[in-house]
1. Going by the conditions given, is Val70 in contact with a Lys or Arg (Cβ under 9 Å, 6 or more places away or on another chain), in a helix (DSSP H, G or I) and not acidic (Asp, Glu)?
2. Is there a residue in the range 32-48 that is buried (at least 17 other Cβ atoms within 10 Å of the Cβ) and farther than 22 Å from Phe114 by Cα?
3. Looking for something closer than 23 Å to Gly17 by Cβ, assigned to a helix (DSSP H, G or I) and not charged (D, E, K, R) - is there at least one such residue anywhere in the range 99-119?
4. Are any residues in the range 27-43 closer than 14 Å to Ser55 by Cβ and small (Gly, Ala, Ser), and if so, which ones?
5. Scan the range 109-120 residue by residue and report those that are of a type in the set (A, V, I, L, M, F, W, C) and either touching a residue at least 40 places away in the same chain (Cβ under 8 Å) or surrounded by fewer than 10 Cβ atoms within 10 Å (Cβ to Cβ) (or both).
Amino acid sequence: MINYLPNLLAALAFLIGGWLIAKLVRNIAVRLAGGLNQLLENISPTGALSTVRISNKIAGLIGTAAFWLVFFVFITAASDAAELTVFSNWLENIVAYLPYLLGGGFLIFFGYLFSIAVRDVVTTTLSSLC
């Protein structure tokens with residue numbers, strides 16, 4: 001048991017450090033969501049993009065998702081430090097998939113914003129022709 005104590009302390013250090021870093025990332029993500037609202041307001045004060053805003057609930061949800069994504073990585077590191085190999089391997093497979101999931105989410109979100117901008121340009125162009 002005494003030989004395993006450094007592994008447990010390292011795992012605990014990963015969990016505490018990960019929790020602190022995840023809280024910081026959550027706060028940054030919520031502020032970035034507010035900044036995105038400000039950016040959208042500056043880019044398109046009128047038109048279709050003026051109605052696209054991230055509510056406080058959605059910003060909080062984005063922050064919570066960011067918290068758990070970061071903390072999940074640290075849980076994986078803690079399980080590896082504690083030499084829980086089967087659990088650690090399973091978590092590593094899940095963590096390896098997360099960039100694809102995030103990339104797909106960003107692609108869908110920015111595709112949605114782009115489609116609204118194109119719709120606004122087409123509507124404005126067609127209304128000026130008539």
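Values in this text are rule-based calculations from the coordinates and carry no lab data. What you are looking at is a predicted structure, and each value in this text was computed from that prediction instead of being measured. For neighbour counting, all protein chains shown are included, and Cβ atoms are generated from backbone atoms with ideal geometry for every residue, glycine included.
1. yes
2. No: zero hits.
3. yes
4. Scanning the range 27-43 gives Ala33, Gly34.
5. Of everything in the range 109-120, those that are of a type in the set (A, V, I, L, M, F, W, C) and either touching a residue at least 40 places away in the same chain (Cβ under 8 Å) or surrounded by fewer than 10 Cβ atoms within 10 Å (Cβ to Cβ) (or both) turn out to be Leu113, Ile116, Ala117.
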